[in-house]
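Reviewing the structure listed below.
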Amino acid sequence: MKKGFTLAEVLITLGIIGIVAALTMPALITKYQEQALRTQFKKAFSVFTQNLQKTALIDYDGGDIGCQYNNETLAGNS
């Protein structure tokens, strides 16, 4: 008696694996896209927050982040 699988058994197994893969791929793609959007949002929020903090520091503390103009130059009182 020979040990092994017939061609039909192998093809049926590959077919089942293909069907399961086809059913799970859309869910995996959707999850990946949601994670990518979440990451992009967090990055944009971080940049916005950092710029807001820099602006508040300049406006309320009189800080200078290296701008070549100061308030007097902008007002025309040079």
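Since every read-out is calculated from the coordinates, none of them should be taken as a lab result. Computed from a predicted model, the values in this text were never measured in an experiment.
Length gain on complete extension for the stretch L11 to Y32, per 0.36 nm per residue less the alpha carbon to alpha carbon distance?
Numbers: separation 21, 0.36 × 21 = 7.56 nm, distance 3.06 nm.
So the chain would gain 4.5 nm between L11 and Y32.
Which length gain, in nm to one decimal place, applies between I58 and V20 when the Cα-Cα distance is subtracted from 0.36 nm times their residue separation?
On the way: separation 38, 0.36 × 38 = 13.68 nm, distance 5.77 nm.
Using 0.36 nm per residue and subtracting the Cα-Cα distance, I get 7.9 nm.
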As straight-line cross-link partners of K43, the qualifying lysines (C-alpha separation under 29 Å, not fewer than 8 residues apart within one chain) are K31, K54
The ³J(HN,Hα) series, computed from each phi in the stretch 38-51 with the Karplus coefficients 6.51, -1.76 and 1.60 at θ = phi - 60°, rounded to the nearest Hz and given as x for glycine or proline, is 4, 5, 5, 5, 4, 5, 5, 5, 5, 4, 4, 5, 5, 5
